[in-house]
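A.B. asks: The structure's right below; bear with me while I get my questions together.
The values are calculated or read from the model by the stated rules, or taken from the named source; none is laboratory data. The structure displayed is predicted, hence computed values, not measured ones. Positions of Cβ are generated from backbone atoms using ideal geometry, with glycine treated the same way; all protein chains shown enter the neighbour counts.
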């Protein structure tokens, strides 16, 4: 058995940030990182963004996070099968046991798959660096790629792949691409960018069945139509990987339930990142699947593993880059909410505020408006004292 002062289950951006957070307080305590992936922690957003659009964006300099700088020991390709809280150990699929004094669960999530299709060289759930490398090889060969799902990953992948010379068919359950997030005029402009770049759109459609033939993929949609392609990418979001925590008797709701200091029911076990449900000081109880949260919450978890006992008080932002458009947002961005639009240049540069039935601001979308997320957070913090007519002009480009 190998013992660590700090043991991290999961090898993503949370693990990197946590290791660095630990080192801010404890320079020498041993750190172990158990990861199912074969790569050391890396900047996951690059898999659907910069690696497709910037030829000078190198893996070693910009993507690999170089977590080895913390002195952490990596056990890559390692599947953890159980957490034994009484013994303060974890077990792995090869029968190895590792002891800990403090444990961080940073297991992220499992990508949702497609009906009848298991992941393969041609069926990609698109979550890992291995998925990127496979899709890059297909795109570079000019393959026909079907992208399924109209969220962050789906829109970014469709954009990235078509800009690299491949043929792309985009299957989106929304009638308009971005329609579940953006007001109608903005969603229409967003969709038009895909049309302008040659993406074949199949909107308002879902995949009902699929077959991997070995040399290609056949998809049947809910209108009975059939698509033949070289590969399919599922961008359907994730399910938080809470199984280990649940089996260990830790409280799980939408994610692993943690306090404001990111500790679970067990004072020796913490959770952070995609998998953690935590109390946000502005927005209330939530679980966030974005990079800003992974970095900031991971760092705070690391500091608290090393006895800092500090509240996580950061309200994270999220962002996306698609073709020549980009946005940052804080809070809830959904077309189910009422919107107040404040455009400097309609559908090109401006701010969209999202209000609930009580006319309270719940989210702020900054469309091609940069470095204003702190102002967006302030709007959300002051939401109960703001009326809709007070919003235009509040945040300027």
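A.B. asks: Report yes if residue 301 is touching a helix residue (DSSP H, G or I) at 6+ places or on another chain (Cβ under 7 Å), within 15 Å of residue 104 (Cβ to Cβ), at pLDDT 95 or above and surrounded by fewer than 19 Cβ atoms within 10 Å (Cβ to Cβ), otherwise no.
C.D. replies: no
A.B. asks: Here is a follow-up. Looking at 301, 383, 376, can you tell me which residue is in the same structural domain as residue 32 (by TED's automatic domain parsing) and either under 30 Å from residue 29 (Cα atoms) or touching a strand residue (DSSP E or B) at 6+ places or on another chain (Cβ under 7 Å) (or both)?
C.D. replies: On the way: 383 fails: in the same structural domain as residue 32 (by TED's automatic domain parsing); 376 fails: in the same structural domain as residue 32 (by TED's automatic domain parsing).
Exactly one residue qualifies, and that residue is 301.
A.B. asks: Considering each of 358, 313, 371 in turn, give the residue that is outside the structural domain of residue 277 (by TED's automatic domain parsing), surrounded by fewer than 18 Cβ atoms within 10 Å (Cβ to Cβ) and within 30 Å of residue 52 (Cβ to Cβ).
C.D. replies: Being outside the structural domain of residue 277 (by TED's automatic domain parsing), surrounded by fewer than 18 Cβ atoms within 10 Å (Cβ to Cβ) and within 30 Å of residue 52 (Cβ to Cβ) holds for just one of 358, 313, 371, which is 371.
A.B. asks: Shifting gears a bit: Sort through 322, 351 and tell me the only one that's in contact with a strand residue (DSSP E or B) (Cβ under 9 Å, 6 or more places away or on another chain) and surrounded by 19 or more Cβ atoms within 10 Å (Cβ to Cβ). Let's see the steps before the verdict.
C.D. replies: Details: 322 fails: in contact with a strand residue (DSSP E or B) (Cβ under 9 Å, 6 or more places away or on another chain).
Unique residue meeting the criteria: 351.
A.B. asks: Let me ask something else about it. Give the stretch 91-118 a look and list any residue that's within 12 Å of residue 234 (Cα to Cα) and surrounded by 18 or more Cβ atoms within 10 Å (Cβ to Cβ), or say none.
C.D. replies: Listed by number, the residues that qualify are 111, 114, 117.
A.B. asks: Now for a separate question. Which residues, taken from the stretch 173-190, are buried (at least 20 other Cβ atoms within 10 Å of the Cβ) and either out of contact with any helix residue (DSSP H, G or I) (no Cβ under 7 Å at 6 or more places or on another chain) or farther than 21 Å from residue 333 by Cα (or both)?
C.D. replies: Matches in the stretch 173-190: 181, 186, 187, 190.
A.B. asks: Need at least 1 residues that are assigned by TED's automatic domain parsing to the domain that holds residue 212, within 26 Å of residue 218 (Cβ to Cβ) and more than 21 Å from the chain's Cα centre (by Cα) per element, so show me which strands (runs of 3 or more DSSP E) inside the stretch 59-174 make the cut, counting only ones lying wholly within it.
C.D. replies: Answer list for the stretch 59-174: 144-148, 167-172.
A.B. asks: For the stretch 207-216, enumerate the residues that are under 26 Å from the mean Cα position of the chain (by Cα) and surrounded by 15 or more Cβ atoms within 10 Å (Cβ to Cβ).
C.D. replies: Correct list: 207, 210.
A.B. asks: Can you name the number of the only condition in (1) under 20 Å from residue 11 (Cα atoms); (2) assigned to a loop (DSSP other than H, G, I, E, B) that residue 254 fails?
C.D. replies: (1)
A.B. asks: What do you reckon, is residue 294 touching a strand residue (DSSP E or B) at 6+ places or on another chain (Cβ under 7 Å) and within 20 Å of residue 20 (Cβ to Cβ)? If you could, list the steps in order and put the result at the bottom.
C.D. replies: Numbers: touching a strand residue (DSSP E or B) at 6+ places or on another chain (Cβ under 7 Å): no; within 20 Å of residue 20 (Cβ to Cβ): yes.
No; evaluated as a whole, the condition is false for this residue.
A.B. asks: Across the stretch 69-80, which residue is nearest to residue 241 (Cα to Cα) among those that are surrounded by 14 or more Cβ atoms within 10 Å (Cβ to Cβ) and touching a helix residue (DSSP H, G or I) at 6+ places or on another chain (Cβ under 9 Å)?
C.D. replies: In this case the residue turns out to be 80.
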